[in-house]
Structures are given as C-alpha cells and as structure tokens.
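Asker: Dumping the structure here so I can ask a few things about it.
The values are calculated or read from the model by the stated rules, or taken from the named source; none is laboratory data. Because the structure is a prediction, the values reported are computed rather than measured. Here the Cβ is made from the backbone with ideal geometry for all residues, glycine too, and neighbour counts use every protein chain on show. Only protein heavy atoms, including side chains, enter the accessible area calculation; ligands, DNA and RNA are left aside. Shrake-Rupley method; radii C 1.70, N 1.55, O 1.52, S 1.80 Å.
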Amino acid sequence: MPSGIIRIAQRETRRLRLGLLFFTRIPVGAMPDFEPAELAHSTRYLPWIGLLIGISCAILFGVVNHSLPTSVAILATIILSGVLTGFFHEDGFADVCDGFGGGSSAKEKLQIMKDSRIGVFGAVGIWIILTSKLVLLSEVGPGSIGVLLLFGQCLSRVVPLLLIYWLDYVTDDEAAKSKSVAHGVHGKEIIIGLLAILPLLLFQPIACLVFAAVSLVMLLIVGTLGRSQIGGYTGDLLGFSQQATEIAIYLAGVILWSSV
C-alpha cells in the first residue's frame, strides 16, 4: 500500500479517535502529542459516531427485548446512549432550555447557559426529552425500533455538523469546552460526515429520505432560533440540536411505522 494512503488512514483514524474521545465516553487509548486544535477536524465523524451508538443501542434492544418487555428494552437503550456519551448532548439541551427560557437578552442567555447549575427550564427539558424517547419508541413495533434507533442516532448528528458550517460561534469564553470543535468545518468535513448516511440509504431508502428531510427542517428551525436568540451557536446549542432532531426523527418514525 502506498505510503501516502497509509498516512491518510492514520490521520483519519486519529481524528475519529479524537471525536470518540470528545463526544463519547468510549475508551480510545492514549492520544500522544494531542493538540486541542485537532478537535476541529474530528467533527466530521459526528454522524459516524452516531451510527456506532445507534448500532450499539439496536443490539442492546434486541438482546434485552428477547427476554424482557419492550418498554424495558427501550429504557435500556436510552440509558446506554446516555452512558456512551456521558449525557453530553442532554446537558447541552438543558443549558439551552435554561438560557432561552430564563434570559431576556443574548448576553444574559449566554451567561445562563455557561452556568453549570440546572434550573427549572433545564430540568423540565430533560424530563421532556427522556420521556419523549420512551413514549415515541414504544409506539412503533419491536421490529422497527432497532432501525429507528440507527436513523435517530446517526442523522441527528448531521445537524450540529451543518450548524457549525452555517452559523457563527458566539461565545467569548476562552475556556469553553466546545471552542476547539467550533471552527474548521468545510465542505470536505460535511461530505465525510454525510457518507455515514449511505449505509442507511441503501438499507431503507424511503425512510432515509423522510428522516433526512425531517433533519433538514430541524436544522432550519434550530439554526434560525440560534441566530435570532444569541446571534449564532454555542456548544450547548449543538447538543440541543442533536436531541431535538433525534426526537423529531422518532416522531416521524411513529407516523411511518406505528402500525407495523
């Protein structure tokens, strides 16, 4: 194999590992000579990471559902997805709920979102998204739940990738945990990220197109909301977009497959 191809494979493998290191709690081993700026290139693998999490959740659902009620199996997948990511995106969702719900100006909303404490808006928001996942997944047949988990976890992570490309990063906190991944998303990153959808498109083409359309609608909604409320996006808004899109995809799945 040519040395150039080997170097590219090693570079991209490192970037994928960095993505797993930042966006999940999945062990990836030591990362020598790590530079925070490298994280900007790891965002291209967000949809791939979602696909990996979706596969893990679908497998767990099949195993648990074999011997326990479907609702218990669904609950297990919700817990697993949160454990795999350290509830990273749920935390962002709660912060946005607190900031947008409690702040009157863009500056005030950003200040509230930086606060590590959770308020009533955030607490209610967490309850809503977790309950929504349980209820919506319970409304489709067991044979469709695993497939819906794949679509929901993968496609929902395309939205934050596109938000980074579309909007400006607005926080001025130099210590912001998402600062290093907030820049550097270009056409190449988007193409690599979108390639994660290809297996799903080949597997369920009609459903994939429907869920992709839902994801684009959520991109427009969250992007417009972020631009109007705070002038762009923050790491918390990216987490919010992932969770909101995941729920929207599950709702679309109920409409498509509730009678299956």
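Asker: At what distance in angstrom do the alpha carbon centres of segment 76-151 and segment 1-65 lie from each other?
Answerer: Taking the Cα centre of segment 1-65 as reference, the centre of segment 76-151 is 23 Å away.
Asker: Right, another one. First measure r as the distance between the Cβ atoms of residue 195 and residue 131, then evaluate 1/(1 + (r/R0)^6) with R0 = 41 Å and state the FRET efficiency to the nearest 0.05.
Answerer: For R0 = 41 Å, the calculated efficiency reads 0.80.
Asker: Taking the dipole about the Cα centre of the chain, with the C-beta of Lys and Arg at +1 and of Asp and Glu at -1, give me whichever of 50, 102, 160 is farthest to the positive side.
Answerer: Result: 50, furthest along the dipole toward the positive end.
Asker: Given R₀ = 51 Å, FRET efficiency for residue 108-residue 203 by Cβ-Cβ distance, to 0.05?
Answerer: 0.65
Asker: Can you pull the accessible area of residue 161 for me, 1.4 Å probe, Å² to the nearest 10?
Answerer: In the full protein context, residue 161 sits at about 0 Å².
Asker: Which value, in Å² and to the nearest 10, is the accessible area of residue 71 when all protein chains are kept and the probe is 1.4 Å?
Answerer: About 60 Å², rounded to the nearest 10.
Asker: OK, next. In terms of Cα to Cα distance under 20 Å, which aspartates and glutamates are near enough to residue 109, apart from those fewer than 8 places away along the same chain?
Answerer: By straight Cα distance, residue 109 reaches 90, 91, 95, 98, 168, 172, 173, 174, 236.
Asker: Put +1 on the Cβ of every Lys and Arg and -1 on every Asp and Glu Cβ in the chain; which of 145, 204, 224 then has its Cα farthest towards the positive end of the dipole?
Answerer: Result: 204.
Asker: How large is log10 I(q)/I(0) at q = 0.09, 0.18 Å⁻¹ when the Debye formula is applied to the Cα atoms of segment 33-177, each weighted equally and without solvent?
Answerer: -0.35, -1.14
Asker: To the nearest 20 Debye, how big is the dipole of segment 1-66 about its Cα centre, given +1 on the beta carbon of each Lys and Arg and -1 on that of each Asp and Glu?
Answerer: So the dipole magnitude of segment 1-66 works out to roughly 80 debye.
Asker: Let me ask something else about it. In what order, largest first, do 168, 236, 33 sit by accessible area if the probe radius is 1.4 Å?
Answerer: 33, 168, 236
Asker: How much length is gained on full extension from residue 116 to residue 138, taking 0.36 nm per residue of separation minus their Cα-Cα distance?
Answerer: 4.7 nm
Asker: Arrange the residues 7, 15 by how much accessible surface each exposes, largest first, with a 1.4 angstrom probe.
Answerer: Sorted by accessible area, descending: 7, 15.
Asker: While we're here: Given the rule -39500 (n - 2.57) for each run of at least 4 DSSP H residues, summed and divided by the residues of the chain, what is its mean residue ellipticity at 222 nm, to the nearest 500 deg cm²/dmol?
Answerer: Helix-only estimate at 222 nm: -24000 deg cm²/dmol.
Asker: Separate question: Anyone know which of 31, 218, 113 comes out most mobile in the 10 Å Cα GNM of the chain?
Answerer: Maximum fluctuation in the GNM of the chain, among the listed residues, is at 31.
Asker: May I ask for the Rg/Rh ratio of segment 2-69, computed from Cα atoms with Rh as the Kirkwood radius, given to two decimals?
Answerer: Expressed as Rg/Rh, it is 1.13.
Asker: For the chain, divide the Cα radius of gyration by the Kirkwood radius and give the resulting Rg/Rh value with two decimals.
Answerer: Rounded to two decimals, Rg over Rh is 0.97.
Asker: How large is the accessible surface of residue 124 in square angstrom, using a 1.4 angstrom probe and rounding to the nearest 10?
Answerer: Taking all protein chains as shown, residue 124 has close to 70 Å².
Asker: Give me the percent of the accessible area of the chain that comes from carbon and sulfur atoms, probe 1.4 Å, all protein chains in place.
Answerer: The nonpolar share, carbon plus sulfur, comes to 68 percent.
Asker: Let me ask something else about it. For segment 1-98, report the accessible area per residue in Å² (1.4 Å probe, heavy atoms, rounded to an integer).
Answerer: 49 Å²
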